[in-house]
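Please read the structure below before turning to the comments.
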Amino acid sequence: MKAAVGDRIVTASGVVGGAVRDGIVTECPHGDGSPPYRVRWSDTGEETLVYPGADTIVDQGTQDKAPGGPDQVRQGRALTWDVRITVVESGGSTTAEATVMNGPPDALRGVGHARWSPGDPSVPLIGDEIAAGRALRRLADRLLAVAEADVSAAVGHRAHLHR
């Protein structure tokens, strides 16, 4: 792995469900671009010395060429898509909307609902969790449907993604 000052570095968490971190390389002590790198993390602004492992990619700003060509280039890519979840509770019913804010070109959203049963204790957080979970599930289904249509268009026939 090689990097230069200004490259974006993305590291996946070593724990299931952990956060993915990204930052900008601010210093490469070795002239050949080999690790370690000093990285300023976007989530905290903190600078640390990084010895990247297999869970790390460096985005050097290169563009992938069209797949299948003889001069095809496969470089690492790093994207950040933010999902906003808005939760509204009214009259014993909770509605959540999960929206991809800066991802694919088409706005993707999923909506989920939860309803409080009058015989149950009132715990609003539970309704929030259920509605948000259902909204995220529907958002995931929508994203997979869009990907399936994109694969079909790319290969020239109907494709099916396993869900």
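Key figures for this structure:
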quantity: In the range 1-28, the residues that are buried (at least 19 other Cβ atoms within 10 Å of the Cβ), more than 19 Å from the chain's Cα centre (by Cα) and either in a strand (DSSP E or B) or free of Cβ contacts under 8 Å to residues at least 12 places away in the same chain (or both); calculated: Val25
quantity: Of residues in the range 36-48 being part of a loop (DSSP other than H, G, I, E, B) and either loosely packed, with under 12 Cβ neighbours inside 10 Å or hydroxyl-bearing (Ser, Thr, Tyr) (or both), the one modelled with the highest pLDDT; calculated: Glu46
quantity: Residue list for the range 101-134, filter: part of a strand (DSSP E or B) and farther than 16 Å from Ser90 by Cα; calculated: Arg109, Gly110
quantity: Residue among Gly133, Gly103, Gly127, Gly110 that alone is in contact with a strand residue (DSSP E or B) (Cβ under 9 Å, 6 or more places away or on another chain), assigned by TED's automatic domain parsing to the domain that holds Glu89, modelled with pLDDT under 85 and not charged (D, E, K, R); calculated: Gly103
quantity: Yes/no for Val58 being part of a strand (DSSP E or B), under 18 Å from the mean Cα position of the chain (by Cα) and in contact (Cβ under 8 Å) with a residue 60 or more places away in the chain; calculated: no
quantity: Failed condition for Tyr51, given (1) closer than 28 Å to Val10 by Cβ; (2) hydroxyl-bearing (Ser, Thr, Tyr); (3) modelled with pLDDT under 85; calculated: (3)
quantity: Gly33 being loosely packed, with under 11 Cβ neighbours inside 10 Å and farther than 20 Å from Trp81 by Cβ; calculated: no
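The values are calculated or read from the model by the stated rules, or taken from the named source; none is laboratory data. In this text, all values refer to a predicted model and were calculated from it rather than measured experimentally. Using ideal geometry, Cβ is built from the backbone for each residue, glycine included, and neighbour counts are taken over all protein chains shown.
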